[in-house]
Amino acid sequence: MSKQNRWYLFIWFAGIIFLCQAFAQDFQTRALGNADLVLTHWENRLDLYTFSRNPAFLIQSEKRDWIVLSASESFDKGDFKRYYDPESKLDLNFRAEGVKILSEKEAFWGKVNYSILKRYSIPYAIELHPYADDPLVMADTTIGNFSYDGPQVNVQYQYQLVKWLGVGLEVFYEIGQGIKDRFTRPRIIHRDFAAKIGSSVQLKDNLVLGGYFDYRILQDQTEIKRSTIDGRDPFVLRYRSENVYRLQTGTFDRYVSLDRYIFNLALHHRNVSGTFNQVARFDYKYFYQSTFDETAYRIPDSDWYASVFDGWYQMRWQSAENRRVFGVRLGGRYLSSFSQHPTLAILITDRTVTTLQGEAGIAFRFRMLKPLMVALQGGYAHTSDHYNDYQSQVFRELTLQGLTLNTGLDLALDPIHSILLGVELGNRTREKYSPRYLPDYNLGRFTLGLLEKRARYHLELYFEYFKRKAVDNGQSYHGWQVALYTKIWK
Amino acid sequence: MKKLVWLFVVLVFLGIGIFCTPEKPVVTDAKVKRTFVVYDTTGLYDPTDTTKLTPVANAKIILNSKDYVKKYVYYTDDSGRVNIDNILASTYEVNVTYAIGPGLMLVAGQVMEFYDFHEEVDTLLLTAVSPAPLVINEIYYCGPKNNIFFFFDQYIELFNRTDSVIYLDGMILGRIRSSKEIRPIKDTLSYVQNVFAYKFPGNPGEKNWPIYPGQYIVIASDAYDHSKTLSNAINLENADFEFYNQYSGDYDNPDVPNLTNLIPSKRADFLISVVSDGVVLGDGTSWELVTLATEYGTSDYINLPIETIIDGVEYKSGTTRPKDLTYRIDAGYTGVRVTRYSGKSVERINPYMDTNNSTVDFHILDHPTPGYKEE
């Protein structure tokens with residue numbers, strides 16, 4: 001091989017490695033059709049750390065130092081979308097993550113993530129999540145492309161005070177910006193900070209109680225500019241409810257400031273042999289969002305409040321040699337929110353959303369010449385959404401239902417290499433019209449993973465294709481994702 | 001025991017979080033109720049009523065929200081009452097009109113805050129206005145579609161809506177002053193203050209510059225063929241009049257008569273904002289040049305007494321901009337959604353209609369129509 005060819009090969013390899021350090025999720029679970037209830041690999045273990053992200057359980061959960069590098073790219077497009085949704089999306093994500101066991105009492109976890117999000121042909125919406133729970137939407141009169149990018153940094157530290165009591169801290173920071181390429185040329189500066197303090201208590205040998213308090217403050221500053229290129233002043237429509245808006249032109253800065261508080265309590269129980277694990281979690285979340293314009297003085301727009309109760313239970317049973325695995329997850333979420341006039345105690349909207357969900361799965365491991373694992377998981381979710389928009393005089397009460405079937409197949413080609421296949425089929429139904437939800441559709445997702453497992457590292461190449469197709473007409477939305485994931489142990 | 005204490009502390013902490021959330025308001029929006037009773041105070045509605053406080057049936061009430069893009073229109077019943085229900089909590093510009101006959105109208109207008117959800121009764125007292133014989137029929141201000149900030153082909157169009165000849169001699173066209181100093185008191189002043197004021201040739205009472213019944217008159221910023229500068233700009237070289245600042249090197253078309261500047265310290269041509277402004281037409285019988293100290297230094301203005309103003313029109317592109325022209329001249333505003341350099345124009349829907357409220361009298365044209373009315 002010539003020197004030049006070796007150089008090209010190096011660049012190609014370095015590029016692939018870099019590109020594939022993207023979305024650092026558990027790609028092994030995803031490659032197996034997201035049948036997470038019954039998959040028993042290390043990244044999908046069931047404990048307080050993975051189930052409720054309690055930093056005070058880091059030492060109990062992680063036994064070795066490791067780092068993960070991953071990169072992913074995804075692209076999707078289609079005409080089956082909601083009013084404000086973009087026609088297509090391109091996401092790039094790069095991640096580095098690692099755990100360091102500092103001593104018998106101390107552990108550290110850190111993650112750096114960088115995302116580049118492209119949203120093409122967004123109709124009017126001037127925010128990344130126009131269908132978030134709050135009713136405020138800012139829109140203009142142009143269709144354009146949005147580009148978002150920014151880093152996230154996340155660190156955790158645990159200190160085990162005594163054998164039965166540990167405390168943990170987590171800090172999260174994200175800064176990013178979004179820019180639309182058409183006038184009003186909004187520029188969104190996104191700042192997000194969260195701090196979490198947690199604790200875990202070993203009540204009995206196999207029973208752990210954990211809890212944490214998490215505070216997050218998020219601020220989105222949106223700068224709207226006058227036209228300087230094509231000589232026009234597009235309008236900004238500032239919705240306080242579904243159909244009632246203010247009309248604005250010119251240059252201004254809008255701020256959305258969100259405070260979130262989470263109170264978490266979780267319990268983990270396992271049997272002596274570790275073949276039976278069960279966890280339960282209860283979260284209370286409280287959100288307060290204020291929106292205002294910052295000029296010579298502050299002009300309030302509207303306030304939004306939400307309370308969320310989350311309760312989840314999950315169990316996993318494994319046979320003695322892990323030949324069979326059985327898992328169940330039950331849970332629910334209740335959201336109650338309202339928005340009110342910025343200066344007067346006048347209710348503009350209120351909304352309650354109740355979600356109940358149940359899933360069960362089973363996996364079999366066959367000891368053949370080439371060992372094979374087959375996982376099957378099914379779930380049902382029921383959501384009722386009760387929305388009262390007093391300002392626009394829109395009142396909606398509807399239910400949503402979803403059925404999902406996840407299948408995964410893990411075929412070991414040899415002790416080191418495996419092929420992972422997954423198929424996810426789903427169906428979503430919407431009882432009545434609501435702009436917030438897509439009409440009835442069927443979902444299909446196919447995943448493929450090529451996994452190399454060595455003693456010191458795991459390397460996985462992941463591919464996914466999905467399609468959502470409307471039941472009533474031929475509209476569809478489809479996309480793909482490719483990722484490379486490396487985990488290296490010390 | 002220690003573990004139980006710890007558990008107790010956590011549960012108390014959780015409880016505090018849950019029970020310290022704010023209460024939801026019990027009053028919901030869009031439930032405001034109001035009753036208006038409209039009275040005529042002039043005796044014109046019912047000359048037989050010597051009390052001069054007569055309930056007016058079929059008076060038109062327009063509520064324009066100052067917070068939202070929302071307008072409500074109501075008509076009074078035979079007892080002069082109208083019950084308004086389920087409207088948004090907001091501040092509204094309330095305009096009432098009742099046409100007595102051609103050339104005479106009863107009007108009332110004020111800004112009212114509707115945030116109270118209890119049944120309340122408001123009395124609106126109508127006063128008489130004579131719709132202007134000469135009206136500002138069209139204002140083209142935003143400039144043609146362009147990316148070089150060109151807006152110099154602005155013009156104002158007048159229309160004689162009577163059946164007799166009117167003479168323009170000595171009349172004054174003014175661009176109103178828009179500032180935070182004058183805005184709060186504009187409805188209490190006996191004059192309209194102008195940053196620019198240009199006078200037609202001649203003096204009031206003279207009869208040299210006629211405008212005939214049904215005739216349109218175009219007054220250009222500069223009577224020039226602007227299409228020579230920008231292909232989609234307007235050719236105004238045949239305008240009827242042009243604004244000419246005799247104190248500067250302003251362009252002057254020798255074939256077009258001039259309106260001349262009344263404020264010697266102003267060296268700029270008569271140009272109006274491409275977004276938001278107001279224009280008034282005075283009969284020229286009275287005006288005063290005043291020098292005022294502002295936060296930017298001293299400046300000269302022309303005060304036109306209210307009683308000398310024949311017509312006035314305010315325009316603004318967005319509903320969030322404050323109103324600058326007193327409701328006694330124009331109870332509303334036109335131009336909402338007309339953006340800079342969009343090539344659009346605002347014109348009277350019907351040149352014979354003048355309710356002193358440009359919100360209802362005007363509409364937006366996709367292109368200017370100098371000297372004619374688009375069919």
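The values are calculated or read from the model by the stated rules, or taken from the named source; none is laboratory data. Note that the structure is a prediction, hence the values are computed from the model and not measured. Cβ sites come from the backbone with ideal geometry, for glycine too, and all protein chains shown count toward neighbours.
Quick look at the numbers
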| quantity | calculated |
| --- | --- |
| Subset of segment B:333-364 that is at pLDDT 85 or above, touching a helix residue (DSSP H, G or I) at 6+ places or on another chain (Cβ under 9 Å) and away from every other protein chain (no Cβ under 13 Å) - its residue that is surrounded by the most Cβ atoms within 10 Å (Cβ to Cβ) | B:Val346 |
| Some residue of segment A:262-284 being closer than 30 Å to B:Ser317 by Cβ, away from chain B (no Cβ under 13 Å) and surrounded by fewer than 16 Cβ atoms within 10 Å (Cβ to Cβ) | no |
| Residue identified as more than 8 Å from chain A (Cβ to nearest Cβ), over 32 Å from the mean Cα position of the chain (by Cα) and modelled with pLDDT of 75 or more among B:Thr41, B:Thr48 | B:Thr48 |
| Unique match (being of a type in the set (Gly, Ala, Ser) and touching a residue at least 24 places away in the same chain (Cβ under 8 Å)) among A:Ala194, A:Ala132 | A:Ala194 |
| Count of segment A:169-200 residues which are more than 30 Å from A:Ile224 (Cβ to Cβ) and away from chain B (no Cβ under 14 Å) | 4 |
| Flag if A:Glu97 is among the charged types (D, E, K, R) and assigned to a strand (DSSP E or B) | yes |
| Complete set of residues in segment A:325-378 that are of a type in the set (D, E, K, R) and outside any strand (DSSP E or B) | A:Arg367, A:Lys370 |
| Options B:Lys33, B:Lys60, B:Lys71, B:Lys52; residue that is of a type in the set (D, E, K, R) and crowded, with 17+ Cβ neighbours inside 10 Å | B:Lys60 |
| Boolean, B:Asp225 is closer than 19 Å to B:Pro201 by Cα, charged (D, E, K, R) and out of contact with any helix residue (DSSP H, G or I) (no Cβ under 7 Å at 6 or more places or on another chain) | no |
| Given (1) closer than 22 Å to B:Tyr352 by Cα; (2) in contact (Cβ under 8 Å) with a residue 60 or more places away in the chain, index of the condition B:Arg175 fails | (1) |
| Test: residue in segment A:219-230 that is out of contact with any Phe, Trp or Tyr (no Cβ under 7 Å at 6 or more places or on another chain), within 14 Å of another protein chain (Cβ to nearest Cβ), free of Cβ contacts under 8 Å to residues at least 12 places away in the same chain and over 30 Å from A:Val279 (Cα atoms) | yes |
| Test: residue in segment B:83-105 that is surrounded by fewer than 22 Cβ atoms within 10 Å (Cβ to Cβ), modelled with pLDDT of 90 or more, in contact with a Lys or Arg (Cβ under 9 Å, 6 or more places away or on another chain) and more than 14 Å from chain A (Cβ to nearest Cβ) | yes |
| Qualifying residues in segment A:176-195 (those that are out of contact with any Leu (no Cβ under 8 Å at 6 or more places or on another chain) and basic (Lys, Arg)) - the one nearest to A:Arg53 (Cα to Cα) | A:Arg187 |
| Segment A:76-125, residues that are of a type in the set (D, E, K, R) and closer than 22 Å to A:Arg53 by Cβ | A:Arg95, A:Glu97, A:Lys100, A:Lys105, A:Glu106, A:Lys111 |
| Residues (closer than 27 Å to B:Ser358 by Cα, in a loop (DSSP other than H, G, I, E, B) and touching a residue at least 40 places away in the same chain (Cβ under 8 Å)) located in segment B:263-312 | B:Asp269, B:Phe270, B:Leu271, B:Ile272, B:Ser273, B:Val274, B:Val275, B:Asp283, B:Gly284, B:Thr285, B:Trp287 |
| Counted residues, segment A:367-378 - those being within 22 Å of the chain's Cα centre (by Cα) and buried (at least 18 other Cβ atoms within 10 Å of the Cβ) | 1 |
| Residue within segment A:302-314 that is charged (D, E, K, R), at negative phi, in contact (Cβ under 8 Å) with a residue 60 or more places away in the chain and in contact with an Asp or Glu (Cβ under 9 Å, 6 or more places away or on another chain) present | no |
| Among the residues listed as A:Val68, A:Val112, A:Val38, the single one being buried (at least 22 other Cβ atoms within 10 Å of the Cβ) and touching a strand residue (DSSP E or B) at 6+ places or on another chain (Cβ under 6 Å) | A:Val38 |
| Residue check, B:Lys228 basic (Lys, Arg) and touching a strand residue (DSSP E or B) at 6+ places or on another chain (Cβ under 6 Å) | no |
| Subset of segment B:107-152 [of a type in the set (S, T, N, Q) and without any contact (Cβ under 8 Å) to a residue 60 or more places away in the chain] | B:Ser130 |
